[in-house]
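Below: the structure, in structure tokens.
No value in this document is a laboratory result; all are computed from the given coordinates. In this text the structure is predicted, and so the values were computed from the model without any measurement. All Cβ positions, even for glycine, are placed from backbone atoms using ideal geometry, and neighbour counts span all protein chains on display.
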Amino acid sequence: MLSKQQLEKLRADIRFTAELGGRNLLLHSTWGLFSPREIDEGTRLLLRNIEVGPADDCLDLGCGYGPIGLALAVLAPRGQTLMVDKDFVAVDFSNGNAKRNGIANACAQLSNGFDQIDPDQTFDLIASNIPAKVGRELLSLYLHDARNRLRPGGRLYLVTINGLRQYMKRNLTEVFGNYEKLKQGAHYTVALARRTSG
């Protein structure tokens, strides 16, 4: 059985630093959030292959404790970055990490996909590390909603496990009319789709 001291240690925030958007950030996370002790391989691959304009308005879909959204906010200091997650713990940690690092142009809110995002809000860039277990139905909603929320010329960047590569290619081509494989690593693939029309 764990001692009281060991339990307290497990309850304490997990803390580590990571370079995101060219800045060293202090991040807090907790057990139960995705990859709580370090930036996972898929997120690192995504962030190495993403192009962000300094005034882009960005969305991090399924933000966890915020590594993608915080990197986007750092890279787009004249834009606003919204981070969303369906887990209130993730939203709390994302907002805490933004505040902790003085990133005033990023905030997180609860939303299951796009359902709680202001219907009039649109973005230049949407990024997501899509969980392998997301399911076909939810993925379809994500892709169609993402296209509808992107401004003309807007970009959707996704990282998925390699096993979903062909599936993503088919679905992005169907929804967006285009697909670009930016990078395939040992376990993950980064894909890009653009909204080309109104």
message: If I stretch the segment between Gln109 and Ala55 completely, what's the gain in nm (0.36 nm per residue apart, minus their alpha carbon distance), one decimal?
response: 17.3 nm
message: With θ taken as phi - 60° and the coefficients 6.51, -1.76 and 1.60, list the Karplus ³J(HN,Hα) couplings across region 129-136 in order, rounded to whole Hz; mark glycine and proline as x.
response: 9, 6, x, 4, 8, 4, x, 4
- line: Interchain or sequence-distant (5+) residues whose placed amide H lies within less than 5 Å of the amide H of Leu59 are Leu82, Leu125, Ile126, Ala127
- prompt: What residues have an amide H closer than 5 Å to that of Ala108, excluding those fewer than 5 places away on the same chain, when H is modeled at 1.01 Å from N in the peptide plane?
  reply: Met83, Asn95
task: List Met168, Met1 from most exposed to least, where exposure is judged by having the fewest other Cβ atoms within 10 Å.
output: Met1, Met168
task: List Arg170, Arg151 from most exposed to least, where exposure is judged by having the fewest other Cβ atoms within 10 Å.
output: Arg170, Arg151
Relative compactness, region 4-194, computed as alpha-carbon Rg over 2.2 N^0.38 Å: 0.99
- prompt: Once phi is turned into ³J(HN,Hα) by the Karplus curve 6.51 cos²θ - 1.76 cosθ + 1.60 with θ = phi - 60°, what whole-Hz value does each residue of region 69-81 show in order, with x for glycine and proline?
  reply: x, 5, 4, 4, 5, 5, 6, 10, x, 9, x, 10, 10
message: Report, to one decimal in Å, the Kirkwood hydrodynamic radius for region 16-76 based on all distinct Cα pairs.
response: 11.9
- request: Can you tell me which of 68-80, 179-191, 42-54, 112-124 comes out highest on packing, and rank the rest after it, using the mean Cβ neighbours within 10 Å?
  value: 68-80, 42-54, 179-191, 112-124
- line: The ³J(HN,Hα) series, computed from each phi in region 10-15 with the Karplus coefficients 6.51, -1.76 and 1.60 at θ = phi - 60°, rounded to the nearest Hz and given as x for glycine or proline, is 5, 6, 5, 4, 7, 10
field: Relative contact order [Cα under 8 Å, 6+ residues apart], the chain, whole percent
entry: 18
message: Tell me the net charge near Asp85. Cut-off is 13 Å between Cβ atoms, Asp85 excluded, with +1 for each Lys or Arg and -1 for each Asp or Glu.
response: -3
Formal net charge of residues neighbouring Arg100 (Cβ-Cβ distance under 15 Å; K, R +1; D, E -1): +1
- prompt: Counting Lys +1, Arg +1, Asp -1, Glu -1, what net charge surrounds Asn49 among other residues with beta carbon under 12 Å of its beta carbon?
  reply: +3
